[in-house]
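The values are calculated or read from the model by the stated rules, or taken from the named source; none is laboratory data. Nothing here was measured: the structure is a model prediction, and the numbers come from that model. Neighbour counts run over all protein chains shown; Cβ positions are idealised from the backbone, glycine included. All accessible areas refer to the heavy atoms of the entire protein, side chains included, with ligands and DNA or RNA removed. Shrake-Rupley method; radii C 1.70, N 1.55, O 1.52, S 1.80 Å.
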Amino acid sequence: FEDMNLYLAWAGSAAVMADVPVCYIFADEVGKYPEMTGTTEVDPLKLLRERQRTYVRIKRSKLVKVSSPDTVGDLMDMEFERGDKCEYWVPCHSCRFWHVMNPSPECFDLDKGPDGDFLDPELYDLGHHARYRCPSCGAVWNDFYRAEAVRGGRWLPYGQTMAAGGVVEGEAAPTPLKSCRINAFLVHPRVQSIDELAGLWARAQLDKRAKDLRALKHFNNSQ
């Protein structure tokens, strides 16, 4: 480009760029990076930070790291723990109770058969057999209410909670690094609906019962 250089690199190539100053870096799937790279035996993220030293004093550089979750203690997990560990809080349209959406049993409600077992996952895909409920008042959220809640939500760092009336309580530990966790309930319904999530969840639980954990691991990693 006329006023910038664009580099495409891979996890093991940071050492090759040892003499290249880079202002903005977007690192993808950090959880799958090798712990060490190159002959210097340094982790890839440290090498990337060193490429930004030219811009540190003028506070222009940014290093954005994203990844699906992989293993506790991997590079992405450690980077998340070093940051402020933000969670996204949303208000209920009925009682205005603020909470963090997640697929816990008290929130993610799937219809069951007469025997109390999951329905055929394809029935969940067809719709009207799963719903999200407010953990406080039990109000049912359709995808419209879910999208509205996300639009009216707010990121809060670890140590802070949202009380009644949208009042922030608690104190966050000081850190210059921002980190956050995003799950599928936060994406727009056109990308992932509650019914689709229910079908994936039911398949994962049925496979787990058959001693196959691959579907559950994929659900956790991708959703």
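Things to note:
- Per residue, the chain exposes 64 Å² of solvent-accessible protein surface, assessed with a 1.4 angstrom probe and all protein chains in place.
- When nucleic acids and ligands are ignored and a 1.4 Å probe is applied, SER193 ends up with an accessible area of around 20 Å².
- Rolling a 1.4 Å probe over the protein chains gives HIS93 an accessible area of about 70 Å².
- Most simply put, the chain has about 75% antiparallel DSSP beta bridges, counting only bridges with both residues inside it.
- Lacking any other cysteine beta-carbon closer than 4.7 Å, the following Cys residues of the chain have no compatible partner: CYS23, CYS107.
- Estimated 222 nm signal from helices in the chain, with DSSP H stretches of n ≥ 4 weighted -39500 (n - 2.57), rounded to 500: -7500 deg cm²/dmol
- When the solvent-accessible area of the chain is split by element, carbon and sulfur atoms take up 55 percent of it, the probe being 1.4 Å.
- Counting only whole DSSP H helices of the chain, there are none at least 30 Å long by C-alpha along their axis and with mean Kyte-Doolittle hydropathy no lower than -0.5.
- Residue-count net charge about TYR24 - beta-carbon cut-off 12 Å; Lys, Arg +1, Asp, Glu -1: +3
- Computed over protein heavy atoms with a 1.4 angstrom probe, the accessible surface ordering of LEU177, LEU213, LEU186, largest first, is LEU213, LEU177, LEU186.
- LYS85, LYS211, reordered so the largest accessible area comes first (probe 1.4 Å): LYS211, LYS85
- Reported to the nearest whole Å, the Cα centre-to-centre distance from segment 143-194 to segment 46-114 is 10.
- For the chain, taking the reciprocal of the average inverse distance between every pair of different Cα atoms yields a Kirkwood hydrodynamic radius of 20.3 Å.
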